Every structure is written in structure tokens, then in C-alpha cells.
Amino acid sequence: MTTHAHHLPNVASRLKDATGIALVSLLLGVPMIGLKTVDAGGALAIATRWPWLLAFVATMFVGRLVLQFVLDHVKLNKAKRARTRPEIGATRPWLKWIGYAVVGFALVLPIAFSGNRYVVDTATTVLIYVMLGWGLNVVVGLAGLLDLGYVAFYAVGAYTYGLLSTHFGWGFWETLPVAGAAAATFGVILGWPTLRLRGDYLAIVTLGFGEIIRLILVNWTDFSGGPNGIGSIPRPTFFGLPFSPDSDAGPTFASFFHLEYSPEHRVMFLYYLILVLALLTNLFVSRMRKLPVGLAWEAVREDEVACKALGMNVTNVKLSAFAIGAMLGGFAGVFFAARQGFISPESFVFSESATILAIVVLGGMGSQLGVVIASVLLVLLPELGRDFSEYRMLMFGAAMILIMVWRPGGLIAHREPTYRLGKQGAKA
Amino acid sequence: MSEMLLEVDRLTMRFGGLTAIDDLSVAVPKGKITSIIGPNGAGKTTFFNCLTGFYKPTEGSVRMHHPVHGPLLLNEMPSYHVARKAGVVRTFQNIRLFPNMSVLENLIVAQHNALQAASRFSLAGLFGRAGFRQAREAALEKAEMWLTRLKLIELADTAAGNLSYGTQRRIEIARALCVDPLLLCLDEPAAGLNPRESAELNELLLYLSREHGKGVLLIEHDMNVVMRVSDHICVLNFGTKIAEGTPEQVQNDPNVIKAYLGEEDADDKEAA
């Protein structure tokens, strides 16, 4: 291709290129698509499928144009990027490598423990908390707004999926964005009147909000099923293939891939599903943190009055943090409902909010990796302590206190700066 | 006289029964340094809070003559519009930096509105579009420019909270300058500075007003700064203006001497 770095090729050369591709596909397509052997009463006959061929060639033509257009824009964008200053590496690159190692471990975990359903199930629970922790981290860690009712958004997500799927037959993937939007809307509804409150006052209002949502779910029986909750929520499918032993309705995951049916398929699928959701959350939050809005969240945490004096609309900055945090909680809620197949208000009590908050604080406010370590600790410690039955929570509390004494700023208190000059001549 | 930037007309601020500012009128010209002085508790900082939208004045008006938007009533604006739209930016008596952020980041936050618009409310920024990258580059250049001018460039990547008091004061001024203010309101910028640092501050204030044409409104106790740089001084006592004029006029004003030194010591003019 004759694409120059800084300008796009003209229309004629684009069309020429696409026509070339169309000709090649025509040549290939005549034998492969245009002609078809049919069984005509014992003898083989050849039928033609010209409309199919035409559609194929046209698709290739248009596809090539679109592909080329996208590629050129990516190139152009890259060229413009190269002219801006070079990226400067992280101040603590090894933290990043630990992060990659954790992701690598998470990817192989279900394969390494494929016979052990308990491990994969527990890991799935850890990942739900990781995702919730990353969501709440936007609100508490970055924007510095103490939210004690985060579980309410988790509940909104879960009930959105529960209700839409049982009443209207919505699937997991369609509900995901809707539930995220619903949770974000609740975030804005709660945030709008209350975000002018600070510190303790905001904490109390959010605590109340969490309880209000739970009490509505308990008492509004017609809507939410009350304390009985919502049962038989459909499980997520693998692009339409259900994880069931046999189905009259169509192929199942096992039959489609010619595998022996095993209930573990679903467990593994759920694990990878939450892993993907969590990684997307991480990617999204880390990118947001590097954007002006992310820096503004941190600035509001540091000094709200100074932000106002610099012309920043503090209410909007806080609302965006609240809405995005709520949305991520909503996503996690959808997954939770789909995994359990049954939800009731009991899953959304205050102690859940407290656990998620503990994960964020323990991990180190604003640290993504810290949240992972803290989630592992907070889920595993009570699990490991099962043998000590009634002393379990005592041990748990003691461990928390020790960690906070040892690392008062959280496990990873390091904050990676968003912008760096790299010290005059030393680098760049 | 040069053109007026800010006109404060019969401003009154009451907190319950206490009148902190009483019927105060001041005008601040473009490209000049105007100082507000007065004993402790005279209402200087309250006056600043009224100008910059942190308090809503009980009576009176604060009018900013903006070259683009025309006359703007600051007392009727939401507080963040005072900096964003009217171009009136302040610093604080007790420094308000973002302590855990680097000096450079402090200056980038000050350019939030421009960057946020360029990032199309995060959508373009999320995908790293070129337009946003260019805006980011421009923001970094502006920050670098002011950091160099204020001799802070070596400290750009240091956390702002770890630096000395005098340096933090300079950072706060640099941060305010990154908002591109028309009027810079400095609340005791020389407090806690050593003599060399306050001499540098004098030089900076003159540079900003003369070279950049910025209006500067100064609250200051350090008379070495006030008397050397001010074009115009306004003296407050108990919320009212007791004198106004050039440094010489104010220094020789009997009311000012009385307010600062009491009546008995009226002869001791040099001490003021």
C-alpha cells in the first residue's frame, strides 16, 4: 500500500484497491460459492448460485473499503501520536509485572484446578469482589466519597436481570448494558441531592440508601418477590448454547462441541465470564483514571475547595464518579444473579457493603492491584478459618487490624502519577 | 487611567448580627497591582470570598468587565463559573494544593475544563483520539511554561505536599496562572516567605501585571511587598474602607496610622 504517514490516500486509489480484492474473491468464489454439486437422483449435477456469489463479491468489496478506511485512520492517529511527547514509563514498573503475573495466574487457574469445583467456585467469588472493589474504588479510592451503601447498586443490577429475564425472557448479554444504565441512574438519583454533603454525612446518607433499597425489595412483594426473592433466573449461555445435559430445544454447549456433558463446563464458563468482565472493568477504570475526569476525581478527593476555585464543576465530577461506580456495581450484580440463579434481599445486606469497602481501604485507596490482593484475603481468610468455627470472625478482625497497623495506607499505597515530565533531560 | 477590570459596588456582607464588610466599593484596573491591606479581622479574606463566589454578598454587586462575555455579575454566578467564565482566580491564605499529586499534575488539574472538552467528556479520550492527545500536549506545554517561569521545573514530578512552604506558595500561583486568569487574586502570597523569596515574588507580580497585562488583587501583610509593587492600595478596617491611594498617600494617611498603631503613637510613621 502507498499510505503515507500523514495523509489519507484518495478515493480513486481506495476504489482500485477494493476492486482488486473483489476480482480475487470473484475468481475464488466461482468454484467455491458460484457452483455447487447437487444430488440429482443418484447422479451429481452442478447447480449455480450466482446471487450468492454476487453477494459475496459485494461484501468483499465493501468490507475491504471499510477495513482500509479504519486501518488508515488508525495509522493516521498513530502518526499524530508519535509527534506528541513520548510516554514515560511507570515509576514502579514491577507493580505492573505483578499485575500481569496475577492475570496469567487467573487465566490458567481453572485448568490447573480443573477437577476441583470448590477452588473454581471460590475464585469466581473472589473475582466478583474484585470487580465490585474496582467499581467502588472509583467512588471511594479516586473521588474520595465515602459510600457505605454500594451494595444497593449491586442489588439494582441483580434485580434488573432477575426481573427482565423472568418476566420478559431477556438474556444475559442484552440485560448487561440495561442493568448498568439502571444502576448508574440510581447513582445519579442518589448523588444529585446528596453529593453536597461531605465525609461522614455522605457516608450516613449512602448507608441509608443501601437500607432503603433492601427494604423496598423485602416489602414490595408484587414487584420483587419480597423475602422469597426471584428464583429460576436463566443462566448465561455460550452465545446461545445452554449448559445443560440435554435439550429438546436445540444443541447444547456439550453437543455442539462434541464434548461429554459435565456440570463443570458451566462453572468454568462462569469463571471466565467474570474474569473477562473484571478485566474489562480494570481496563476501563485505568483508562478513565488517566483522563481529565480521572484526574479531576483525584483532585476532588485532595481538595474540593481548590477545585472550585480553579473553575471545576465539582458536583458534576462527583456525579460522574458516582454514576460510573454504580454502573460497574450493576454489571457485577447481573453476573451475580446469573451465577446464582436465585436472588433475594438477603444477598444485599449492609455487611456486603462493608466487605467491599474493606477491600478498597485494605487494598490501598485507588490501587487496582491492591483491590485484587485484598479481595483474595477477604474471601479466603473466612474460608480458611472454617475449622475454627466461632473464632473465625475474631481471627478475621485481628488479621485486618494487623494489616492496618503494618500498612496504614493500605497494602499498596503507591499512587502512579498520571502526568510526568521525566526530570529535564534525564529521560524523554 | 487604564481600563477597569473589576468593579465592586457597595458590597456588604453580614453574618447574622456581624457586619464583616460594610458598604465597600473598590475598582481594580487591568495590568496593575491593587492591594487590600488592613489589620487582622478587617474583612480582607471575607472580601475575597465574596469576589470569588465562595460567599454570596448580602448587598451590593461585583462586576467583572470581560473582554469576550462583556460585563458579568460575579455575585450572581455559581462559584465555579467565577474562574471558568469570568477569569477571576484566587489562591488561599492557608495553601490549598493537591498534596498527593505531583506539581505538574496540580497544574494540569487547573486546565481541567479545556481538557475535559477536548476529551469529549471522556469518549474521545477513552479511545486516545488525536484531538485529545493534542489538547493534552498543549496543557503540558502551558504547565511547563509556567513551571519554568516560576523556577519550579526541577520539581515537576515531586508530590506537591512534600515541598517547603515558600515553594508551595509559588506552586499555587503557577496553578492559578494555568487557568489563564484575567484577574489574579492572591491571599497573603508572601506569608511565610524568606526575604529572598519575597523579593522574587515582587518581581513575579510586576512581571505578571506589566508583561502579561493581568490584573492582580493582593491581600498582604508584608509591607515590603505591598509598598514596593502596589499601584493602588485600599485600606480596610472593621469592614470599611478607611483610606485609598498610592503607596505614598496611604503611608501618610492619618486614618491608616491610627488603625495600625493606635492614636498615641501617631507620630511614629516610619514603623508603618
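For the reader, a short list of remarks on this structure follows.
- Proportion of all alpha-carbon pairs of region B:1-150 beyond 27 Å (%): 37 percent
- Cα long-axis angle, helix B:195-211 against chain B (0 to 90 degrees, to the nearest 10): 70 degrees
- Here the residues A:Thr59, A:Thr160, B:Thr46, B:Thr240, ranked from fewest to most Cβ neighbours within 10 Å of their Cβ, fall in the order A:Thr59, B:Thr240, B:Thr46, A:Thr160.
- Shape of region A:208-299, Cα gyration tensor, a/c cut at 1.5: oblate
- Computed P(r) (all Cα pairs; the protein assembly as shown; 10 Å bins; percent): 3, 12, 18, 19, 17, 14, 9, 5, 2, 1, 0, 0, 0
- Both radii were evaluated on the Cα set of region B:98-178; the Rg over Rh quotient, with Rh as the Kirkwood radius, amounts to 1.02.
- Spatial separation of Cα centroids for region A:324-353 and region B:64-94, in angstrom: 45 Å
- Expressed as a whole percent, the proportion of Cα-Cα pairs in region A:366-428 lying more than 13 Å apart is 71%.
- Shielding by partners, peptide B:97-104 (average Cβ within 10 angstrom, other chains): 6
- Annotation: the residues A:Met365, A:Met32, B:Met223, A:Met131, sorted from fewest to most other C-beta atoms within 10 Å of their own C-beta, follow the order A:Met32, B:Met223, A:Met365, A:Met131.
- Ranked B:Ser79, A:Ser232, criterion: other C-beta atoms within 10 Å, fewest first: A:Ser232, B:Ser79
- Residue with peak Gaussian network fluctuation, chain B [Cα springs, cutoff 10 Å], from B:Ser25, B:Ser61, B:Ser119: B:Ser119
- Antiparallel DSSP beta bridges within the protein assembly as shown, as percent of all bridges there, nearest 5: 65 percent
- Close amide H contacts of B:His66 (hydrogens built in the peptide plane, cut-off under 5 Å, sequence separation of 5 or more or a different chain): B:Leu72.
- Bridge type composition, region B:163-272 - antiparallel percent by DSSP, nearest 5: 50 percent
- Cα centroid separation - region B:26-50 against region A:102-135, whole Å: 61 Å
- Gyration tensor over the Cα atoms of region B:50-119: the corresponding equivalent ellipsoid has semi-axes (square roots of 5 times the eigenvalues, largest first) of 25, 17, 9 Å.
- Region A:11-83: Cα Rg divided by the 2.2 N^0.38 Å rule of thumb: 1.64
- Taking every Cα-Cα distance in chain B and sorting them into 5 Å bins from zero, the calculated P(r) comes out as 1, 6, 12, 16, 18, 17, 13, 9, 5, 3, 1, 1, 0, 0, 0 percent.
- Taking every DSSP beta bridge that has both ends in chain B, the antiparallel portion is near 60%.
- With a cut-off of 15 Å between beta carbons, the residues surrounding A:Ala47 carry a summed charge of +1, where Lys and Arg count +1 and Asp and Glu -1.
- Gyration tensor (alpha-carbon) shape descriptor, region A:262-408, a/c threshold 1.5: oblate
- Distance violations [Cα-Cα > 22 Å] among A:Lys78/A:Lys290; A:Lys318/B:Lys44; A:Lys318/B:Lys142: A:Lys318/B:Lys44; A:Lys318/B:Lys142
- Over chain A, DSSP H runs of length four or greater, each weighted -39,500 (n - 2.57), average out per residue to a 222 nm ellipticity of -22000 deg cm²/dmol.
- The distance linking region A:48-68 with region A:24-42 is 16 Å (Cα centroid to Cα centroid, whole angstrom).
- Neighbour net charge for A:Ser351 - beta-carbon separation under 13 angstrom, K R +1, D E -1: -2
Rule-based calculations on the coordinates, nothing more; no lab input. A quick note: this is a predicted structure, and the numbers were derived from the prediction, not measured. With ideal geometry, Cβ positions are generated from the backbone for all residues, glycine too; neighbour counts draw on all protein chains shown.
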